[in-house]
Amino acid sequence: MQTFEKLAQVSRTLQNSYIKAWKDQGKKVVGYVCTYMPEEILHAADILPFRITGRGVSDTSKADSCLSRVNCSFVRCCLELGMDGEYDFLDGAAWVNGCDHIRRGYDNWKAKAPLPFMYILPVPHKIFPEGRQWYKEEVIKLKEAVENHFGVKIRSDKLAESAAIYNESRRLLKRLYDLRASDETPVTGAEAHVILSAGVTMPKTEFNKLLGDFLKEVEKRPKTSNTKIRLLVAGSMMDDPEFIQNVEELGAIVVTDALCFGARGFWDLTDEKGDIFENLIDRYFNHMPCPRMAGEYSKRLGFIKDQIKRANVKGAILQHIRSCDLHGTDNALIRPDLEKAGVPTIELERQYGPMADAGRIRTRVQAFLERIGG
């Protein structure tokens, strides 16, 4: 598939051809790390939002000199790339206090290898009216900081244009997930993850065009009966198509997820009517929450059950990066609740990055598939 190969090429490297073309126009690129970062704020300033990843790191010796080994490997890999200068093409980085690990990663990056613009966006750990007001005030500060540093003005009409572009992207991704959920799914979970990886590291208008073309192409794929065991993956930061491929090579197919890098990140749309800034605040503050948001367990569990039902899932993999207390605790609660609902579930602890423990994971997943009956 020619279109898929274009998307795959984007996902293989940090600084892809689209970023180079963007920078050649004199435009800025700012990295971010969390789904609570309102990307439209950057996009409306004609700044390319780029989701920071730690992929491709095999050694974290520099980051290990700053962070403890009980800090998650995702943050250590991101910091390693920052300290190695691999992210010097960024004009700034806007982080979120998603967890203590991310906060410490930001602090050390700012101290050891600061980019021209460094910013952290505080987000409340609970969804409640006063928290929404707090989040709004912090986003206003972020907006003002971007305007002051880059010498731009983020206007309401530009925010509206950005919201429409991002909504189009989310609708296209939902179409992709509808195809994955079909009885004869023409898209593998690994392919979907490659597409998701490309979508957060290139201009959204270009991505929307490529994704639209891919959907047209994939709908013409031959329809074949799919007898593979249908799985959902949920849990910690997961931007590794290799992990999904490792699972699918055992005779399964990942047909949906509940990941911040996947469905949880794009499922909710922004209301395009009325005050667009207020609507963006509502969308990002109230979108499908991760375990960092206290008291929202039932909402997360409900979302997972909805995904299981819509995609006819036969088993769930709950993975978390080692030392990720938030997802590790959440998975320990989710597993028995899914088992009670009749959904076989397995918990996996893993390291972020190259599949050094691929063999161990394959053994456990293979036993899990045999338990289900595959």
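Some observations on this one:
- Being under 16 Å from the mean Cα position of the chain (by Cα), aromatic (F, W, Y) and closer than 25 Å to Q9 by Cα holds for only one residue in F243, F214, and it is F243.
- Cβ-Cβ under 9 Å pairs, at least 6 apart or on other chains, the range 136-155 side under 14 Å from Y36 (Cα atoms), far side surrounded by fewer than 17 Cβ atoms within 10 Å (Cβ to Cβ): K136/E278; E138/P122
- Residues of the range 291-350 that turn out to be within 23 Å of G131 (Cα to Cα) and part of a strand (DSSP E or B), as a count: 1
- Scanning the range 182-239 for residues that are of a type in the set (K, R) and either touching a strand residue (DSSP E or B) at 6+ places or on another chain (Cβ under 8 Å) or part of a helix (DSSP H, G or I) (or both) yields a total of 5.
- Test for K228: is it of a type in the set (D, E, K, R) and surrounded by fewer than 17 Cβ atoms within 10 Å (Cβ to Cβ): no
Here is a yes/no grid of residues against (1) in contact with a Phe, Trp or Tyr (Cβ under 7 Å, 6 or more places away or on another chain); (2) surrounded by 19 or more Cβ atoms within 10 Å (Cβ to Cβ); (3) at pLDDT 95 or above:
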site: L333; (1), (2), (3): yes, no, yes
site: E339; (1), (2), (3): no, no, yes
site: G342; (1), (2), (3): no, no, yes
site: R350; (1), (2), (3): no, yes, no
site: G353; (1), (2), (3): no, yes, no
site: A358; (1), (2), (3): no, no, no
site: R362; (1), (2), (3): no, no, no
site: A367; (1), (2), (3): no, no, yes
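Here's the yes/no breakdown for (1) among the hydrophobic types (A, V, I, L, M, F, W, C); (2) assigned to a helix (DSSP H, G or I):
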position	(1), (2)
A63	yes, yes
S68	no, no
F74	yes, yes
G82	no, yes
G85	no, no
G105	no, yes
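- Qualifying residue in the range 46-55 (condition: in a loop (DSSP other than H, G, I, E, B), in contact with an Asp or Glu (Cβ under 6 Å, 6 or more places away or on another chain) and touching a residue at least 60 places away in the same chain (Cβ under 8 Å)): yes
The values are calculated or read from the model by the stated rules, or taken from the named source; none is laboratory data. Everything numeric here is computed off the predicted structure, so don't read it as measured data. Every residue, glycine among them, receives a Cβ derived from its backbone with ideal geometry; neighbour counts consider all protein chains shown.
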